[in-house]
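Report on one structure; see the data block that follows.
The values are calculated or read from the model by the stated rules, or taken from the named source; none is laboratory data. Here the structure is a predicted model, which means the values were calculated and not measured. Every residue, glycine among them, receives a Cβ derived from its backbone with ideal geometry; neighbour counts consider all protein chains shown.
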Amino acid sequence: MPIESQIARRYLWTARKRAHTAFLSFISMLGLAVGVATLLISIALLSGLQGQIKERLIQSSPQLLVEPAGRNTIEQAEAIVTAATKLGMRDVRPFVSGIAWGANANAELGRPMRLRSYVPGREPETDRTRTGQPRVWNGDEAQIFLTRGYAASLSLDAGDFVTVVAPRTRLTPFGPMPVMKRYRITRIVINTGEENPPDAWLDLDEATNLFGTSGMPTAIEMYGHEAQAEEIATALAARFPGAQFKTWKEINRPLVLALRLEKIVMFATISLIIFVAALNLVSSLSMLILEKRPSVGVLRTLGATESNILSLFMQLGLFIGLTGTVLGNLIGLGFAWAANRFQLVPLPPEMYFISYLPFTLDVSDIVGVNVVAVFLSVVATWYPARIASRLDPIAAIKEE
């Protein structure tokens, strides 16, 4: 062990005999421990909550969304579906969507309508709060599903008719005429909760005919493992340049960026607690240097250089800082693990979407907290150690 490390350990050990020096050293360790533990617990809680949000995002949105580039439809839809399935996407759903005009002819009401197709067997969920809806309809009638809010805006209900005007025209003997069709409302469905949710749902063939896509979809949703989404998107984009491929992160980019910014801001804010605790190292180390001035003078006369003295007191400060950091890790990690493992912070399930507060810590978060704590300890230790290295050895010895 270097001589500086041996002397630093001896100084730290003998400091316990002086009450005021030992007290300042203890406060410095405790302050760092509290700061590190607080930051670890806060980041663990934030990571746990963000993990729940991301999990719901992954469940509610496709892991990969394919859209046309420069066109209204995807020309190579079948080839893209086949390639995506081979690459690992377990569920691929082509669909047609667009903006039309919905009208209640009887009440002379109308408003824009977001339409989307569905695949039989994957119809949107029925609104169970509405009772008395007929369950059997004439199979020859064109059918449509409306969301509760849209149906209410046009004073419509299940069993009524709605007229849909498509955003295209067809040539007739009387000139161009808008394409429109009358649909029976056979189901009132729940809003999907998306950023721009559809107002109405049609069968895929019906939506294709209404928008005139010639059997080609306007988008494709793909579901699979979220970790492979970016890799699959890159591979498909290279093979099919006529389409755009967006991962779930790109689809929800504003929210993902907001969550990342929230974590950075919280990390920076709570790191100030560690910074304030690290400032205690300045006072405790300065007090120790005042007591050891004669010893420093003796070391200098025996041949110790400025760099030796600087290294000695830097190590002394780091011993205190590292002890506080290790103690903070034990408290913070222990509490986060126990709180998540035994669900120590329950929440009323009728008010929140989770039953308890989750605590999750990544290795990168733990490393980041410890790096900040050690760095601030070094910064706080450097100035008093630098002052000690520049002491005049003759003047220091005369103080004995």
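Among the residues of the range 206-265, the one identified as of a type in the set (Lys, Arg), touching a Leu at 6+ places or on another chain (Cβ under 7 Å) and within 30 Å of SER42 (Cα to Cα) is LYS263.
So is THR325 in the same structural domain as LEU39 (by TED's automatic domain parsing) and surrounded by 20 or more Cβ atoms within 10 Å (Cβ to Cβ) or not?
In short, yes.
Just one of the listed residues (ILE58, ILE41) is of a type outside the set (Lys, Arg), crowded, with 18+ Cβ neighbours inside 10 Å and touching a Phe, Trp or Tyr at 6+ places or on another chain (Cβ under 8 Å), and it is ILE41. Among the residues of the range 72-107, those that are among the aliphatic types (A, V, I, L, M) and closer than 30 Å to ALA151 by Cα comprise VAL92, VAL96, ILE99, ALA100, ALA103, ALA105, ALA107.
Taking the stated definitions as given, is VAL119 at pLDDT 95 or above and in contact with a Lys or Arg (Cβ under 9 Å, 6 or more places away or on another chain)?
no
Just so you know, in the range 203-222 the residues that are touching a residue at least 24 places away in the same chain (Cβ under 8 Å), part of a helix (DSSP H, G or I) and not acidic (Asp, Glu) include one that is farthest from ALA84 (Cα to Cα), and it is LEU210.
Quick check on this structure: which one of THR305, THR325, THR360 is farther than 23 Å from ALA33 by Cβ and not charged (D, E, K, R)?
On the way: THR325 fails: farther than 23 Å from ALA33 by Cβ; THR360 fails: farther than 23 Å from ALA33 by Cβ.
Answer to the selection: THR305.
Given the range 77-133, what strands (runs of 3 or more DSSP E) lie entirely inside it while holding 1 or more residues that are within 17 Å of SER155 (Cβ to Cβ) and out of contact with any helix residue (DSSP H, G or I) (no Cβ under 9 Å at 6 or more places or on another chain)?
97-104, 109-118
Total residues in the range 188-203 satisfying the condition of being within 24 Å of ALA219 (Cβ to Cβ) and at pLDDT 90 or above: the figure is 7.
So which of LEU376, LEU279, LEU322 is within 30 Å of ILE7 (Cβ to Cβ), touching a residue at least 12 places away in the same chain (Cβ under 8 Å) and touching a Phe, Trp or Tyr at 6+ places or on another chain (Cβ under 6 Å)? Outline the logic, then answer.
On the way: LEU279 fails: touching a Phe, Trp or Tyr at 6+ places or on another chain (Cβ under 6 Å); LEU322 fails: touching a Phe, Trp or Tyr at 6+ places or on another chain (Cβ under 6 Å).
Answer to the selection: LEU376.
Here ARG300 passes the criteria (1) of a type outside the set (Ser, Thr, Tyr); (2) touching a Leu at 6+ places or on another chain (Cβ under 9 Å); (3) modelled with pLDDT of 85 or more except the one numbered (3).
Please determine, by comparing only the residues of the range 186-202 that are in contact with a Phe, Trp or Tyr (Cβ under 7 Å, 6 or more places away or on another chain) and either basic (Lys, Arg) or in a strand (DSSP E or B) (or both), which one is farthest from LYS54 (Cα to Cα).
Filtering first and then ranking leaves THR186.
Within the range 171-184, is there a residue that is of a type in the set (A, V, I, L, M), modelled with pLDDT of 90 or more and within 42 Å of the chain's Cα centre (by Cα)? Within the range 171-184, not a single residue is of a type in the set (A, V, I, L, M), modelled with pLDDT of 90 or more and within 42 Å of the chain's Cα centre (by Cα). Restricting the range 223-245 to residues that are of a type outside the set (A, V, I, L, M, F, W, C) and part of a strand (DSSP E or B), the residue that is nearest to LEU64 (Cα to Cα) is TYR223.
Which of the residues that make up the range 144-185 are at positive phi and either assigned to a loop (DSSP other than H, G, I, E, B) or surrounded by 15 or more Cβ atoms within 10 Å (Cβ to Cβ) (or both)?
Initially, the range 144-185 is screened for residues at positive phi, giving 155, 159, 175.
Correct list: SER155, GLY159.
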